[in-house]
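Notes follow the structure.
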Amino acid sequence: MTQALCRFITCGSVDDGKSTLIGRLLYDSKTLFVDQIHSLHTESKRYGTQGENLDFALLVDGLSSEREQGITIDVAYRFFSTKKRKFIIADTPGHEQYTRNMATGASTADIAIILIDARKGVLTQTKRHSYIVSLLGIRHFFIAVNKMDLIDYDEERFRAICGEYAQILKELREDIVAHYIPISALKGENIVSKSENLAWYRDKTLLEWLEDIELDSIPQSEFVLPVQYVNRPHLNFRAFCGQIASGSVRVGDEVLVLPSMQKSRVAHIITSEITDPHTLTQDQTPQYAHEAYAPMSVSVCLQDERDVSRGDYIVSKNHTLSMGNTFRAMMIWLSETPLELGTTYLLKITHNLCNVRITEIVYKKDMESFTNVCADSLKLNDIAQCTLKLDKTLPLQCYKHSKILGAFIIIDKYSNQTLGAGMIDSVSESIHRDSAPHRIYTDSEIALNAFICEHYPEWGCKKL
């Protein structure tokens, strides 16, 4: 029987014990090798912050700067398994300046473990991380109130923090399921084994919850294949390659190519398990599959000669994607360079790269009060709903329906730095599919237009 794979992250404010929790979980579940345990003893003497005791945070804090400062900077991934389930852990940083790294780790997670220092309670960064993982579609929250040993395992304090965090949940998605667990990551209490000091807590340990929780699955009825690469090894073979984003496809299924709306049928399907189409010679015949489904990587051959390029989508005929060039999205600004309305950026969504302008900031979220505030710019770690306009019409999907098709990043045109990340909320569909999309002009074109309008009005120029 195949074990189910569960991906989870640890998040929360700085020094809440995220790395220590993961280290203790790996150590107590007996998933470490002998050399790892030996290295932990050695590194604890050199870098440890726990005196003569083991510093479990060193199992995941691998960068020298992380060990010197005792903080997490980059996302650290660790794998372990039990008899019931396989796990991939993402240990994310708590510092505000590394929020972008935390968002990266959360983007593929099924569960969020949100740590709270029992002495400090809920902090602003706790709220920010909670809001981000909610935006990213994570529904299962484990609120781990850590360092209970430092407050003498006070049940009343634990209940007070639970009540404080319950107010945050009211500001997040309605379908979130939260579980509250008192723990001591350093001492290993309620991580893998029950704690006698926390006898008043009668529910499952953290590992028991992780093993037993039923993971969500998004229904995927429609087939969508974002084309990443066109494989043409010789004159007698052409296939369109990529990873299936949703649904399944069979030989003979009728499909559409977006955005051109060309129709065809699937002639052949080649999966990576059967053969590598890159190795085919003109005299060789590939081995074909009858069916493929998400998230398999495939090569699809069509019955008809169709103009299909990187960035196009091959979809089922009953698809629900919207064709448009204007949409609203929740955005997380990840750069110290502020967002400027009207500036032309690059937007990457699946395998498409195009020009984009953020034309409006509908509202910015105040992370302290969760109120919506007005803004005309965004700075590092700001979260806001924005209106974006592309320079061409693309197939678009809301993030709640597909994490792959509804997510995008904003890139600086000149430095190639990632400036922001977003999730599509709603799409304004084009009125006419065949009409030319609204053009987005470059900064130099706008400047030249303004100069002509000002100095040569007799030319009848209109401002862009």
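What follows draws every value from the coordinates through simple rules; no lab data is involved. Just so it is clear, the model here is predicted, and its values are computed rather than measured. All Cβ positions, glycine included, derive from the backbone under ideal geometry; neighbour counts span all protein chains shown.
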TODO: May I ask you to say which residue of ALA421, ALA407, ALA375 is among the aliphatic types (A, V, I, L, M) and free of Cβ contacts under 8 Å to residues at least 60 places away in the same chain?
DONE: ALA375
Open item on the list: Going through LEU390, LEU419 one at a time, which residue ends up being farther than 19 Å from ARG100 by Cα, surrounded by 15 or more Cβ atoms within 10 Å (Cβ to Cβ) and not charged (D, E, K, R)?
Closed with: LEU390
TODO: Taking the options LEU210, LEU225, LEU206, name whichever one is in contact (Cβ under 8 Å) with a residue 60 or more places away in the chain, surrounded by 13 or more Cβ atoms within 10 Å (Cβ to Cβ) and either touching a helix residue (DSSP H, G or I) at 6+ places or on another chain (Cβ under 8 Å) or among the charged types (D, E, K, R) (or both).
DONE: LEU206
TODO: Only residues in the range 15-27 that are among the acidic types (Asp, Glu) count as the first member; pair them with residues that are in a helix (DSSP H, G or I), Cβ under 9 angstrom, at least 6 apart or cross-chain, and list the lot.
DONE: ASP16/GLN125; ASP16/THR126
Open item on the list: Can you confirm whether ASN197 is farther than 30 Å from ARG119 by Cα and of a type outside the set (Val, Ile, Thr)?
Closed with: no
- [ ] Filter the range 356-403 for residues that are within 18 Å of GLU336 (Cα to Cα) and of a type in the set (S, T, N, Q) and give the result.
- [x] SER377, ASN381
Task: Selection count, the range 75-122, where residues are among the charged types (D, E, K, R), over 20 Å from TYR399 (Cβ atoms) and either free of Cβ contacts under 8 Å to residues at least 40 places away in the same chain or not in a strand (DSSP E or B) (or both) - done: 5
Task: Index of the failed condition, MET148 passing every other in (1) in contact with a strand residue (DSSP E or B) (Cβ under 9 Å, 6 or more places away or on another chain); (2) surrounded by 14 or more Cβ atoms within 10 Å (Cβ to Cβ); (3) free of Cβ contacts under 8 Å to residues at least 40 places away in the same chain - done: (3)
TODO: For the range 80-133, enumerate the residues that are acidic (Asp, Glu) and touching a Ser or Thr at 6+ places or on another chain (Cβ under 6 Å).
DONE: ASP91
TODO: Give me a count of the residues in the range 232-243 that are surrounded by 17 or more Cβ atoms within 10 Å (Cβ to Cβ) and either outside any strand (DSSP E or B) or in contact with a Cys (Cβ under 6 Å, 6 or more places away or on another chain) (or both).
DONE: 1
